[in-house]
Amino acid sequence: MDIRATIAPAIQDREALEEFADALTDRAPEVERDVARLKKSPGDREITADLFRAIHNIKGDAALCKFELGIAIAHPIESMMSRFREGEIVFSDLLAELILLAIDRLELATDAVLAHKPLENLRLLDLVQGLELTARAAPEKLDASCAELIESVTGFPPVITGMSARAPKSAADKTPHTGATDDLQFFRSLALQFESRSPLFKGRTMRILRLALETNKAGGAQVDPLQLEAAVYLHDVGMMLLPESTWLKVGKMTDADKQLLRNHPGYAAGLLQRMHGWQAAAEMVAQHHEMPDGGGYPNQLSAAEICPGAKILAIVDAFEAVMLKHIHRGKNRSVLRAIAEINACDKQFAPEWIAPFNAVIRKTIEN
């Protein structure tokens, strides 16, 4: 197998690759579910068989669709599951995390190939070669090999933990400006109204606010924290002016759905623009879906045209979205896997803010 061709695949048959992507969308939750079950009951042979079958099916789908990258990722995982089934190795938390990370990377890579996006940032060469080595590792060295590979691919040590939803100290608490404080309390009440529309959103406002304020601080406090706090509260409130069937939809969105969603930043930004003293926050809200390469919306701004607050908001909002990604199918993500996905998609975000954000996350998972 040509490893370079495997990690940088060209589309030979688009229809076949789309079929693989659809199948993977169905198979990935099976892997997630079975890994969680096996961690709780590592001696259950039926669960072991289910997980082995799920991985084997991904490899079989890849072979049928002639997608060598899928084979290259699934085959060593299948080998490790065979060793576990035979009692040669144990099913540790590190092995579980590595399997989930590898399937995440396969999903991202498949989507990127179909969208003609670059794959370099996914570190697929490190992943494929590392999986092969780990699959052959001696039992007593398996965990160390898993840990080394996870850090090589993600840039973070494999500490598995949850994000705190503890409310940060409000930026308004540091200012005697009563008008601003009252405005922020109103903005927060709107954000909490947005949260109440879905149980999945519980606590998201405070999580995003903490990450945004701490990322700003880690990056040299370039953004007025009051303005950033207001932007966090209102950046998605415009969603409530759209049909709930669009923004609370489970499953894939249609092109019409996506077009409707592109309107939501303008609604909240328009509200802020009409209130005295919140012009900077309005700009952040209006631009938080813009991308440095000009591929964002609504105005396809380039990096130099996007304000720093919007760049911060884009990263922390995406991180929260990844943590909730596919939660309707029972696919919960660890912080490590969520930050790995953000870093894998770093070309969508301002590179000058990725490092401060990573520093905040690293502090979170190490504490």
How large are Rg and Dmax for region 30-105 when only the alpha carbon atoms are used, in Å? 11.8, 35
In 5 Å bins starting at 0, how do the alpha-carbon pair distances of region 1-136 split up by percent? 2, 11, 23, 24, 19, 12, 7, 3, 0
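Which is the longest part of the chain that has none of the GluC sites (Glu not before Pro) sitting in a DSSP loop with at most 12 other Cβ atoms within 10 Å? Numbers along the way, then the final one.
On the way: sites that count: 86, 88.
Maximal segment without exposed cleavage sites: 89-367.
Placing +1 at every Lys and Arg Cβ and -1 at every Asp and Glu Cβ, with all other atoms neutral, what dipole size does the chain have around its Cα centre, in debye to the nearest 20?
820
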Taking only DSSP H segments of four or more residues, each worth -39500 (n - 2.57), what value at 222 nm results for the chain once the sum is divided by all its residues, to the nearest 500 deg cm²/dmol? -20500 deg cm²/dmol
Pop out the ³J(HN,Hα) list for region 275-289 in order, Karplus 6.51 cos²θ - 1.76 cosθ + 1.60 with θ = phi - 60°, rounded to Hz; leave Gly and Pro as x. 10, 4, x, 10, 5, 5, 5, 4, 5, 4, 5, 4, 9, 6, 10
Determine by what factor the alpha-carbon radius of gyration of region 59-140 differs from 2.2 N^0.38 Å, reporting the quotient. 1.14
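Work out the FRET efficiency for residue 120 and residue 15 from their Cβ-Cβ distance, taking R0 = 35 Å, and round it to the nearest 0.05.
Between residue 120 and residue 15 the formula returns 0.85.
Would you calculate the convex hull of the Cα atoms in the chain and tell me its volume per residue in Å³?
Details: hull volume 50.4 nm³, N = 367.
Value for the chain: 137 Å³ per residue.
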Rolling a 1.4 angstrom probe over the protein chains, ignoring ligands and nucleic acids, what is the accessible area of residue 79 in square angstrom, nearest 10? 40
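Could you order 233, 297 so the one with the most accessible surface comes first? Probe is 1.4 Å.
Working: 233 5, 297 40 Å².
Output order, biggest surface exposure first: 297, 233.
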The local net charge around residue 15, scoring Lys/Arg +1 and Asp/Glu -1 for residues other than residue 15 whose Cβ lies under 13 Å from its Cβ, equals -2
Using θ = phi - 60° and Karplus 6.51 cos²θ - 1.76 cosθ + 1.60, couplings along region 258-264 (whole Hz; Gly, Pro as x): 4, 5, 4, 5, 5, 7, 5
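What does the charge count near residue 150 come to, summing +1 for each Lys or Arg and -1 for each Asp or Glu among other residues with Cβ under 13 Å from its Cβ?
Working: positive: 105, 123, 337; negative: 93, 97, 104, 126, 143, 148, 151.
Result for the neighbourhood of residue 150: -4.
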For region 202-313, one quarter of the surface area of the C-alpha convex hull, expressed in nm², comes to 7.5
Rounded accessible area of residue 189 (nearest 10 Å², 1.4 Å probe): 50
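Checking the table 39/66; 59/258; 202/258; 141/363; 217/311 against a 21 Å threshold on Cα-Cα, which pairs fail?
On the way: 39/66 32 Å; 59/258 32 Å; 202/258 24 Å; 141/363 27 Å; 217/311 14 Å.
Pairs exceeding the cut-off: 39/66; 59/258; 202/258; 141/363.
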Only Cα pairs within less than 10 Å get springs; with that Gaussian network setup on the chain, which residue of 116, 56, 235 has the largest fluctuation? 116
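Ignoring ligands, DNA and RNA, what percent of the 1.4 Å accessible area of region 190-237 is carbon and sulfur? It would help to have the intermediate numbers written out before the result.
Working: 1020 of 1810 Å².
C and S atoms contribute 56 percent here.
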Candidate residues 25, 134: accessible-area rank, largest first, probe 1.4 Å: 25, 134
Result for the chain: accessible area per residue, probe 1.4 angstrom, in square angstrom, of 46
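The values are calculated or read from the model by the stated rules, or taken from the named source; none is laboratory data. Keep in mind the model is a prediction, meaning the values are calculated, not measured. So basically every Cβ, Gly included, is an ideal-geometry build from the backbone, and we count neighbours across all protein chains shown. Ligands, DNA and RNA are excluded from the accessible area calculation, which covers all protein heavy atoms including side chains. Shrake-Rupley method; radii C 1.70, N 1.55, O 1.52, S 1.80 Å.
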